[in-house]
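The values are calculated or read from the model by the stated rules, or taken from the named source; none is laboratory data. Since the structure is predicted, the reported quantities are computational estimates derived from the model, not experimental observations. Neighbour counts run over all protein chains shown; Cβ positions are idealised from the backbone, glycine included. The area values use the complete protein model at the heavy-atom level, side chains included, leaving out ligands, DNA and RNA. Shrake-Rupley method; radii C 1.70, N 1.55, O 1.52, S 1.80 Å.
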Amino acid sequence: MAADYVSPFDERVRAAEPLAPRPASVAGSRVVLLDIRKNRGAEFLDRVETLLTSAGAATTRVTKEIFSKPAALSLIDEIASGGGLVVEALAD
Amino acid sequence: MALRADGTGGRGGSPAPELSVHGTGLAPVTIAGLTAGGCALLVFVSEHCPTSALALRRLGPLCQAWARAGLTAVAIFEDPLDLAIRTARRLGWTGQVAAQEAPYPASRDYGLATVPTAVLVGRDGVVAGTVSGWDRRALAALLRAAGEGLGADLAAPPEAEPLTKPGCSSKAAIDPELAAAMSASEGADELEEMFERGWTDGLPVVPPTMERVEAMLGGWDGDESLGLVPPAMGEATLARVAACAVLAGCRPDYFPVVAAAARAVLDPAFNLHGQAVTTQPAGQLVVVNGPVREAIGLNTGMGALGPGFRANLTIGRALRLLVCLTGGAMPGAMDRSTLGHMGKLSFCVAEDEEGSPWEPLHVERGFAAGQSVVTVIGSDAPLSISDHRSRTPEDLAYILAWAAASAWSTNWWPLAEPSVYVICPEHAQMFRDAGWTKQRLRQFMFEAVRRPARLLRRGETTPVVHMAGPDALVRKWASADAIVLLVAGGEAGRYSAVLGPCTGMGSQIVSREVESRGR
């Protein structure tokens, strides 16, 4: 029989989820813009917000407490209820 | 070889049998679940079978696009789940993974003779077609049929040789004893098997057999949870921590130190999550204080930051394996460190309390001298500081302090996070002879390193520098507390070291007492 090992892995860890379908157009959509507080992320989102608004989308800005920690559940809830689309300014 | 590639053979037209398999999630793997978004492609495979490996490698990259079009692909292994996951990952399979063990009920229910076998199940839960072995053309036809049902154009595997390849016997179709022998690792190279499973940091490891892990636990409850290890949030049961300690090469008497280090890094204040995934090089420095150093043979002397001593190397390595394996932070995967540093293999230093003129780190942090304590600090690689010619403590302190001027980045002043100094005994002796306390040295170093803001404005710099007047003096550290002082190293040689910080993480230094086995 195969040797009986104790795995260092937690096999319940979920595999990566597939990406959600991409919309053909943002016109009429609500888009949440997530600033994770990385350097110059806000500047990037300013530009993205301008482009989205001119394309007919409505935008909402939210901010993480710190870029290096997972977002608070309350913020995730806020994002989930804020619109169908999210743009995250990831890194400088 | 295609045995039933016409889309109707075998069980074509019959309801797909329910699956008796283990998936990677908490929810059971069901035909209804797999076909909820459209249809499903069940790919029966076995780890030992080269044709299965070919199928996983060729089909794997297509699974995500199929999923978006409504076809859920699942590789069903005739192997243990952990081996299935490792094999799927190694071969680039991006679909779901499930596993079955002897007597391989799912393979039996589907009447398998061969692996790989691909079974297409329609949205009505009926088997729409089967392809056995590797047959590129038959698989393309199967995918066309699936695409027609979904109203989508599903990508087919590339037209690469071999276009056909016979499969291997399904373990469900052969004598159970022979199947068991095929699954056995005896006769195989155990060390190579560890690499195959992905249970490594890139160096050979000690296989974590039940017996070794039991010995490592030393009577502690393996089911006890220390918490979730980021970023993948695998649960750090003591058994998994012990498995990492075995893999790293620890002796069982090191395990209380490993467990204390694990508890320390899992304290949210340490922010292991940020450290584990950052592009920074930072590793997790483990500092050990107290009687346990001598009890388990930790080196505090010559080569204190280098190789040669099992306890130092394997304790640091065990912690890193926990982060990489249970926590999923393998370099290039969720660990995104641009360069990393060798301390990310193992990074454990024991303080030379007996040779130090000062109170040791754990006493500074509120523990009693007689307690054994592990302290973890997010740290960059060591920078050696040579000073053989200073003749006053002021000169030596100045040289030590200014060595950190470029820590993190040349003009990044001030640093809020800790810079760790490992002071060698000869340097420590100069401060002892002059009667300098630790606090005096720390304060001197803090005040010594300052520059006019105008000299710090080139390239990457800080808001503090930008806001300061041109001649305003900016310090390297935000406070004297950001300077951590340890004593360790060989008695001869005037080489200390400074370890730069992990910045921007809000990471704090965390200490945990080493629990005794007799609890």
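So is A:PHE67 of a type in the set (Phe, Trp, Tyr) and either away from chain B (no Cβ under 14 Å) or not in a loop (DSSP other than H, G, I, E, B) (or both) or not?
No, not satisfied.
Of everything in region B:286-300 that's in a loop (DSSP other than H, G, I, E, B) and crowded, with 16+ Cβ neighbours inside 10 Å, which residue is farthest from the other protein chains (Cβ to nearest Cβ)?
Of everything passing the filter in region B:286-300, B:THR300 is farthest from the other protein chains (Cβ to nearest Cβ).
Answer with yes or no whether B:PRO231 is facing chain A (nearest Cβ under 10 Å) and touching a His at 6+ places or on another chain (Cβ under 9 Å).
Judged against the criteria, B:PRO231 is a match.
A:GLU17 passes all but one of (1) surrounded by fewer than 16 Cβ atoms within 10 Å (Cβ to Cβ); (2) touching a Phe, Trp or Tyr at 6+ places or on another chain (Cβ under 7 Å); which number fails?
All conditions are met except number (2).
Name the pairs whose Cβ atoms lie under 7 Å apart, with the first residue in region B:319-330 and closer than 13 Å to B:ARG86 by Cα, the second modelled with pLDDT under 95 and of a type in the set (A, V, I, L, M), and 6 or more positions between them or separate chains?
Here the result reads B:GLY328/A:VAL13; B:GLY328/B:ALA232; B:GLY328/B:MET334, each pair linking region B:319-330 to a residue that is modelled with pLDDT under 95 and of a type in the set (A, V, I, L, M).
Can we say B:GLU460 is modelled with pLDDT under 95 and on the phi < 0 side of the Ramachandran plot?
Judged against the criteria, B:GLU460 is a match.
Restricting to region B:144-158, and then to whatever is open to solvent by 10 Å² or more (accessible area, probe 1.4 Å) and within 20 Å of B:VAL45 (Cα to Cα), can you tell me which residue is modelled with the lowest pLDDT?
Selected residue: B:PRO158.
Take region B:302-347 and flag every residue that is in contact with a Pro (Cβ under 8 Å, 6 or more places away or on another chain), at negative phi and either away from chain A (no Cβ under 14 Å) or not hydrophobic (A, V, I, L, M, F, W, C) (or both).
B:LEU305, B:LEU313, B:THR326, B:GLY327, B:SER337, B:THR338, B:LEU339, B:HIS341, B:GLY343, B:LYS344
Within the group A:VAL13, A:VAL32, which residue is of a type in the set (Val, Ile, Thr), touching a strand residue (DSSP E or B) at 6+ places or on another chain (Cβ under 7 Å) and under 24 Å from B:ARG89 (Cα atoms)?
Just a single option satisfies the conditions, and that option is A:VAL13.
May I ask you to verify whether B:ALA239 is within 13 Å of the chain's Cα centre (by Cα) and at the interface with chain A (Cβ under 9 Å from one of its Cβ atoms)?
So B:ALA239 does not fit the description; no.
Would you tally the residues in region A:7-41 being closer than 30 Å to B:CYS244 by Cα and at pLDDT 90 or above?
4
For B:ALA172, all conditions in the list (1) crowded, with 17+ Cβ neighbours inside 10 Å; (2) closer than 25 Å to B:ALA311 by Cα hold save one; what is the number of the exception?
Among (1) crowded, with 17+ Cβ neighbours inside 10 Å; (2) closer than 25 Å to B:ALA311 by Cα, B:ALA172 violates only (2).
Restricting to region A:37-70, what's the tally of residues that are in contact (Cβ under 8 Å) with a residue 12 or more places away in the chain and on the phi < 0 side of the Ramachandran plot?
So the answer is 21.
Can you tell me which of B:GLY489, B:GLY469, B:GLY500, B:GLY504 is under 18 Å from B:GLY378 (Cα atoms) and either of a type in the set (Asp, Glu) or part of a loop (DSSP other than H, G, I, E, B) (or both)?
B:GLY504
All but one of (1) part of a loop (DSSP other than H, G, I, E, B); (2) surrounded by fewer than 24 Cβ atoms within 10 Å (Cβ to Cβ); (3) at pLDDT 95 or above hold for B:THR279, so report the exception by its number.
Against the list (1) part of a loop (DSSP other than H, G, I, E, B); (2) surrounded by fewer than 24 Cβ atoms within 10 Å (Cβ to Cβ); (3) at pLDDT 95 or above, B:THR279 comes up short only on (3).
Test A:ASP4 against the criterion of being under 30 Å from B:ALA248 (Cβ atoms), touching a Gly at 6+ places or on another chain (Cβ under 6 Å) and within 11 Å of another protein chain (Cβ to nearest Cβ), and give yes or no.
So A:ASP4 does not fit the description; no.
Hey, can you tell me all the residues within region A:26-83 that are farther than 29 Å from B:PRO231 by Cβ, small (Gly, Ala, Ser) and open to solvent by less than 80 Å² (accessible area, probe 1.4 Å)?
A:ALA27, A:GLY28, A:SER29, A:ALA55, A:GLY56, A:ALA57, A:ALA58, listed by residue number.
Being hydrophobic (A, V, I, L, M, F, W, C) and open to solvent by less than 30 Å² (accessible area, probe 1.4 Å) is the requirement here; does B:ALA36 meet it?
Against the criterion (hydrophobic (A, V, I, L, M, F, W, C) and open to solvent by less than 30 Å² (accessible area, probe 1.4 Å)), B:ALA36 does not qualify.
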